[in-house]
Amino acid sequence: MHEKPCKAAGCYFNAIYNSDFCWQHTVDKDGYRQQISTLVKKGHKFEQANFAKVNFGEVDFSGGIFLQSNFNGVNFREARLERANFNGCTFRRANLENSSLIKSHLVATNFEGAHLHGSELVEVDVQESILNYANLGYANLKDANLFKAQASHARFIRTNLERAILSRGNFAYAVFYGSFAKGVKGELAILGGSLLWETNFEGADFNRANFVGCDARESIFKKANLHFIRAGGANFSYANFESADLTRAICREADFTQAIFIKAKIDGAVFERAKLILITPEKVDFTRAANIQGAEF
């Protein structure tokens, strides 16, 4: 990152791109916004540029190229950023509420603590990005690629994650309350300690994923691939596993009270000390499971 101190007396911030001053000490803020917008429209390539704390609210940077640039604390509220390239950029604590990032490139981007509530992130590529503590509530991440993303403690409340790729990502302690996640791919994803309450994972592929200690009450896992998941101590009470594949799933001490197991596959699964009270149907053949020792029926 190219760093240049702000020329304002006593200021310890760095100057923003193509200026001698930081955003706070920039006099003509509207003029600066217009200057950057014009450069974007001309196809200018920004690389390792500093835009920290700049107010870019409602701008149109669609198709812009900003590689490894600093957008920490920037306001992009309701901005249009479709098909832009932000690979390697940092957006820590930035405000992107209701912004549009459809089909943008965000590989290895840092959104730690960013506010993305209500944003449009359809088909975005956020592989190997950092989303820890980010707020993505009510955002649209349909068909997004979050492969190997780090999103612990992130908030996905009522978020659209249909067909998104979560494989090998870390979503420990994240909140997915009421989200729509049909058909997601989550092979080897970490969801330990996460809140998945009332989330729809119908047809999802969570082969060998980690659900240890998660709270998935009333969630839907119909036709989901849960082969060899680790779900010790998880709460799946009232969850729907109709036609799900729980083959070799490890569910020690998990709570399945009043869960639905119609046509579910449980061959070789471990339900040791699990709660299997009032499940549907009443006569599930648990002899197919590998271990039900100490389970409560």
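Odds and ends about this structure:
- Number of the condition not met by Ser219 [criteria: (1) touching a helix residue (DSSP H, G or I) at 6+ places or on another chain (Cβ under 7 Å); (2) under 19 Å from Phe180 (Cα atoms); (3) not hydrophobic (A, V, I, L, M, F, W, C)]: (1)
Conditions tested, residue by residue: (1) in contact with a Leu (Cβ under 8 Å, 6 or more places away or on another chain); (2) closer than 25 Å to Asn210 by Cα; (3) of a type outside the set (Lys, Arg); (4) touching a residue at least 60 places away in the same chain (Cβ under 8 Å).
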residue	(1), (2), (3), (4)
Asn85	yes, no, yes, no
Gly118	no, no, yes, no
Glu128	no, yes, yes, no
Gly137	no, yes, yes, no
Lys148	no, yes, no, no
Thr159	yes, yes, yes, no
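- Of the residues examined, Leu166 is one that is without any contact (Cβ under 8 Å) to a residue 60 or more places away in the chain and under 10 Å from the mean Cα position of the chain (by Cα).
- Subset of the stretch 22-44 [surrounded by fewer than 18 Cβ atoms within 10 Å (Cβ to Cβ) and in a loop (DSSP other than H, G, I, E, B)]: Gln24, His25, Val27, Asp28, Lys42, Gly43, His44
- Out of Glu97, Glu82, Glu123, Glu78, sole residue that is touching a His at 6+ places or on another chain (Cβ under 6 Å) and farther than 19 Å from Thr199 by Cβ: Glu97
- Selection status of Asp255, among the charged types (D, E, K, R) and either over 21 Å from Asn160 (Cβ atoms) or in contact (Cβ under 8 Å) with a residue 40 or more places away in the chain (or both): yes
- Options Ile292, Ile229, Ile260; residue that is without any contact (Cβ under 8 Å) to a residue 60 or more places away in the chain and either within 19 Å of the chain's Cα centre (by Cα) or over 30 Å from Asn160 (Cβ atoms) (or both): Ile292
- If you filter the stretch 234-243 down to residues that are at negative phi and either in a loop (DSSP other than H, G, I, E, B) or basic (Lys, Arg) (or both), you find that the one that is surrounded by the most Cβ atoms within 10 Å (Cβ to Cβ) is Ala234.
- Boolean, Ala144 is closer than 24 Å to Gly64 by Cα, under 10 Å from the mean Cα position of the chain (by Cα) and surrounded by 24 or more Cβ atoms within 10 Å (Cβ to Cβ): yes
- Residue check, Ile16 farther than 20 Å from Ala144 by Cα, at pLDDT 95 or above and not in a strand (DSSP E or B): yes
- Taking the conditions (1) out of contact with any Phe, Trp or Tyr (no Cβ under 8 Å at 6 or more places or on another chain); (2) within 29 Å of Tyr12 (Cα to Cα); (3) among the small types (Gly, Ala, Ser) in turn, Ser69 satisfies each one other than (1).
- Residues of the stretch 45-94 that are aliphatic (A, V, I, L, M), part of a loop (DSSP other than H, G, I, E, B) and under 22 Å from Ser19 (Cα atoms): Ala49, Ala52, Val54, Val59, Val74, Ala94.
- In the stretch 163-188, the residues that are over 18 Å from Ala139 (Cβ atoms), of a type in the set (A, V, I, L, M) and touching a Lys or Arg at 6+ places or on another chain (Cβ under 7 Å): Leu188
- Qualifying residue in the stretch 106-120 (condition: of a type in the set (Ser, Thr, Tyr), touching a Gly at 6+ places or on another chain (Cβ under 8 Å), crowded, with 19+ Cβ neighbours inside 10 Å and part of a loop (DSSP other than H, G, I, E, B)): yes
- Just so you know, in the stretch 244-297 the residues that are acidic (Asp, Glu) and part of a loop (DSSP other than H, G, I, E, B) include one that is nearest to Arg217 (Cα to Cα), and it is Glu253.
The values are calculated or read from the model by the stated rules, or taken from the named source; none is laboratory data. Keep in mind that what you see is a predicted model, and the values were worked out from it rather than measured. All Cβ positions, even for glycine, are placed from backbone atoms using ideal geometry, and neighbour counts span all protein chains on display.
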